Amino acid sequence: MQNRVHANPHASECCPHVPSFRPMKPHVQYRHMSESAWIDLGAGFRCRELNRDENEDATISLFEVPAGWSDSEIRLGYGDLEVFVLSGELAFSDGVVGVAGSYHRWFSDDGSTAAVRPEGPATVLVQRALGAIPSRATEGVVLHMDPVDFQWRGHGRGRNRSEMAVLREDSHTGAQTYALRLPPGWVGRAGQHFHTVSEEAFIVAGDVALEDEPVYTSGSYLFRPPHVVHGARERSETGCFALTWTSGPIDFNYVTVEGPMAVPSGITRSGGCFGIHSHQTDSENHT
């Protein structure tokens, strides 16, 4: 069995000096990865950039990693790095092999990466944010989470049923990274609302329809800044697997024709990109 540092979703506990602040990217309601041109980085290594903030302090990109690639040649970036392996395998210097569907996180202050020489080609999704340098105790430590280690929690009932697994959670800000599964025939019942924090999603597999936008299929991306109204019509025909990020705990602020609607006292509504949140219980979802 491989030695590994398992990812603790509470990032501030396992990496206390890794920054929790993420610069704000611009609003992208719908973008498919095919709309972004490949950037050739040399040696068979290339990337597609999905979004970035104006200062380039935060980016989300797809990388195609060729067989035999080494981090001494071309690097994934520097700062707070989250890497999700979409296809292939990625070997790490601590002996861990990241298989398709695995999640990895580390901090690099000089652009070096902990990944070394995959045996075959791989495709990875990289979320990067700049920030303060961590302590010597945490710098270079890679947090690994295999798909078999994801702790799935169910939410809702019937056609509103979904599952979520938290991959990262900042105990100070409530910011999260989580995986989301929607079953075939899923129907969202959150209603029109907005959040006071940002939310971001990348569709790994399946489909989901949000509002009147084109159907989000594998490779689709969105980024909503705070206060963007959404949630009127959400559904999935074939089911969906998505990666999502939030900048803090998501509150539900419901909207009517007349304007914002206060949630009745004693009723807590919280949700994520598709109307759910990791702290919900079944009783908090619509039935």
Rounded, prolate or oblate: which fits region 42-106 when a ≥ b ≥ c are the square roots of the eigenvalues of the alpha-carbon gyration tensor, with rounded for a/c under 1.5 and prolate only if a/b beats b/c? prolate
Which three extents, in angstrom, do the Cα atoms of region 184-240 have along their principal axes, listed largest first? 30, 22, 15
Which order do you get for V215, V204, V28 if you rank them by accessible area with a 1.4 Å probe, largest at the top? V215, V204, V28
Taking just the alpha-carbon atoms of region 148-221, what radius of gyration and Dmax come out, in angstrom? 13.4, 36
With all protein chains modelled, accessible area of M24 [1.4 Å, Å²]: 90
Highest-first arrangement of 239-249, 53-63, 216-226, 38-48, where packing means the average Cβ count within 10 Å: 239-249, 216-226, 53-63, 38-48
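The values are calculated or read from the model by the stated rules, or taken from the named source; none is laboratory data. Bear in mind the structure is a predicted one, so any value in this text is a computation, not a measurement. Because the Cβ atoms are built from the backbone with ideal geometry, glycine has one as well, and the counts that use them run over all protein chains shown. Ligands, DNA and RNA are excluded from the accessible area calculation, which covers all protein heavy atoms including side chains. Shrake-Rupley method; radii C 1.70, N 1.55, O 1.52, S 1.80 Å.
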